[in-house]
Amino acid sequence: MTAAPSVDSEDAQRVRDAVADLTSDAAAFASTLVRERSVQGNEADAQRHVIERVRELGLDVRLLEATDVPGIEDHPEFAETDDTYEGRPNVIATKPGAGDGRSLLFNGHVDVVPEGDAEQWSFDPFGGEIVDGELRGRGASDMKGGVAAMLFAVEALSRAGVELAGDLTIQSVIEEEAGGYGGSLATALDGCDADAVVIPEPTDFDLWIANDGVSYFRVTVEGRGAHAAHTDEGVNAIEKLYPIFRALQDLHDRRKETVHDDLFEREYEHTVSLNPGTIRAGEWPSSVPDEAVLEGRVSHAPAETREGIRTTVEETVREAVADDPWFDEHPPEVEWFGWRGSSASISPDEPIVTTVQDVLSESLGVEPTAKGFPGGIDTRFFVNYADTPALCFGPGAHNIHGTDEYLPVDELERATAGLALIAMAWCGYEVADEPAAAPDATTEGAE
């Protein structure tokens with residue numbers, strides 16, 4: 001048994017060679033996933049491919065739907081959705097360790113954001129084509145490539161004759177892009193027995209060890225309708241909303257100058273942000289609009305609380321209209337909806353962080369920086385609600401959430417090798433002269 005966190009150089013090369021032999025298969029599998037338009041509520045077909053692949057690895061499969069977790073609807077991170085969770089399972093499988101090594105969890109999501117205007121793409125957003133060494137399509141980078149990497153890392157270890165001392169669990173989850181309530185929140189609350197979690201999000205081979213909390217809010221302002229020929233008899237809700245919009249913009253500017261966290265500002269200009277994202281008002285050009293609605297996103301740093309940032313936003317809205325007598329009888333309404341993600345952070349000295357940095361530097365020639373991500377990621381569920389250190393490590397982010405998303409196949413190969421080497425370093429391992437035969441697979445609840 002090799003003591004963690006070291007990986008013998010010959011063993012590392014053996015694994016890298018196995019990954020290289022499997023890369024075309026890994027890219028083909030990721031292509032299959034990309035061809036499934038697995039936006040929120042439609043993840044089932046993509047998960048069926050994952051189930052099939054996990055069974056081919058010889059692992060038992062357990063399916064977990066969000067509603068299988070008692071009390072999840074009452075959890076502070078859970079938000080209502082119009083989509084049913086029936087038939088949208090999370091996939092969980094474990095490769096038991098051969099000894100008493102530390103356990104590890106790989107977690108990845110199969111859902112994607114919508115493609116937007118497909119006419120703006122230079123290729124089919126869900127074609128999954130591999131052209132000039134690139135896997136092309138929505139989700140290639142975020143993060144179907146990462147899902148393929150974690151699955152094929154397991155196969156590469158077997159091909160190389162590596163037997164882990166600790167358990168390695170695979171989770172393929174739903175709904176991350178919409179908040180993760182029915183996905184990683186469910187799996188974390190269901191019980192996380194792993195000693196650490198690695199999520200192969202597109203980090204460009206760095207480590208995300210912290211994240212901002214994220215909240216969505218809605219401000220509704222009432223006006224008074226009138227015919228456009230008698231505009232002055234009405235109260236234009238757009239005009240009444242404008243001071244609130246400006247005040248929120250000013251709040252963003254103040255917070256980016258006053259709220260700082262070194263983990264985030266190693267790469268990004270500021271730690272937190274506030275974005276007024278949509279405005280809706282009026283139904284007819286010849287009518288004075290009697291209502292205007294602004295929806296936005298605000299983030300808070302790990303040192304702040306969700307309650308604190310909500311209070312700040314609500315006070316900002318009230319103060320913006322305090323001098324307008326119209327609002328004495330028609331106060332603006334602030335609602336909180338959808339995303340209500342908590343912030344999370346682990347120490348750069350956490351053993352999983354130093355293990356990942358050491359093994360990637362020694363065995364893959366990668367020098368990952370540990371930093372914060374200014375948005376919501378699923379690591380927060382494991383850190384905050386399963387008392388388990390979690391980080392993200394994966395390939396590059398190439399036009400994610402935008403037009404012409406893609407993933408270079410060579411980055412898929414490097415990410416797959418990285419995950420395999422991380423498992424060896426963290427769990428401990430031994431190398432057999434010949435790879436062991438895979439056990440028969442079963443699937444609990446897969447039919």
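The values are calculated or read from the model by the stated rules, or taken from the named source; none is laboratory data. Remember, it's a predicted structure, so these values are computed and weren't measured experimentally. Virtual Cβ from ideal backbone geometry, glycine too; neighbours counted across all protein chains shown. We work out accessible area using only protein heavy atoms, side chains counted, and drop any ligands, DNA or RNA first. Shrake-Rupley method; radii C 1.70, N 1.55, O 1.52, S 1.80 Å.
In sequence order, segment 295-300 has phi-based couplings of 10, x, 10, 10, 10, 9 Hz under the Karplus curve 6.51 cos²θ - 1.76 cosθ + 1.60, θ = phi - 60°, and Gly or Pro positions carry x.
Accessible surface computed residue by residue for segment 1-66, with neighbouring protein chains in place and a 1.4 Å probe, gives 45 Å² per residue.
Rounded to the nearest 10 degrees, the angle from helix 306-320 to the longest Cα principal axis of the chain is 20 degrees. The charge dipole of the chain, taken about its Cα centre with unit charges on the Cβ atoms of Lys, Arg (+1), Asp and Glu (-1) only, comes to about 200 debye. Per-residue packing, averaged as other Cβ atoms within 10 Å, sorts the ranges 149-155, 409-415 into the order 149-155, 409-415, beginning with the highest. Remark: spin-label model distance residue 254-residue 286 equals 4.4 nm, labels positioned 7 Å along the Cα→Cβ axis. On segment 1-96, 42 percent of the accessible area sits on carbon and sulfur atoms, based on a 1.4 Å probe. In the context of the full set of protein chains, residues of segment 102-228 present 26 Å² of accessible surface per residue (probe radius 1.4 Å, heavy atoms only). From most to least packed by mean Cβ count within 10 Å, the peptides 158-171, 239-252 give 158-171, 239-252. Axis angle, to the nearest 10 degrees, between helix 409-427 and the longest C-alpha principal axis of the chain: 70 degrees.
Arranged from highest to lowest average of other beta-carbon atoms within 10 Å per residue, in what order do the peptides 182-192, 284-294 appear? Working shown, then result.
Details: 182-192: 24.7, 284-294: 16.5.
Ranked by mean Cβ neighbours within 10 Å, highest first: 182-192, 284-294.
Of the accessible area of segment 316-373, computed with a 1.4 Å probe over protein heavy atoms only, carbon and sulfur atoms account for 43 percent. Between the residues 164, 147, 137, the greatest Cα displacement towards the positive end of the dipole of segment 86-173, with unit charges on the Cβ of Lys, Arg, Asp and Glu, is found for 164.
The portion of the accessible surface of segment 113-250 made up by carbon and sulfur, rounded to a whole percent, is 42 (1.4 Å probe; DNA, RNA and ligands excluded).
Once the Cα-Cα distance is subtracted from the 0.36 nm per residue extended length, the residue 267 to residue 362 segment shows a gain of 31.8 nm. Against the chain, whose longest principal axis is taken from its Cα atoms, helix 351-364 shows a tilt of about 60°. Per-residue ellipticity at 222 nm computed for the chain from its helices equals -10500 deg cm²/dmol, with DSSP H segments shorter than 4 residues left out and the rest contributing -39,500 (n - 2.57).
Of all the options 238, 209, 346, the one that moves most in a Gaussian network model of the chain with Cα springs shorter than 10 angstrom is 238.
With Cα atoms defining each centre, segment 380-432 and segment 99-172 are spaced 9 Å apart in the structure. Using the 1.4 Å probe convention, the accessible area of segment 318-380 works out to 45 Å² per residue with neighbouring protein chains retained.
Let me make sure I get this right: for segment 331-433, a, b and c are the square roots of the gyration tensor eigenvalues over alpha carbons, sorted descending. Under 1.5 in a/c it's rounded, otherwise prolate if a/b > b/c, else oblate. Which is it? Oblate shape, in that a/c is at least 1.5 and b/c is the bigger or equal ratio. Shape of segment 43-174 from the C-alpha gyration tensor: oblate (a/c of 1.5 or more and a/b not above b/c, with a ≥ b ≥ c the square roots of its eigenvalues). In the chain, what percentage of the DSSP-assigned beta bridges are antiparallel, given to the nearest 5? Counting only bridges with both partners in the chain, antiparallel ones make up about 75 percent.
Put the Cα centre of segment 208-281 next to the Cα centre of segment 9-74 and the gap is 38 Å.
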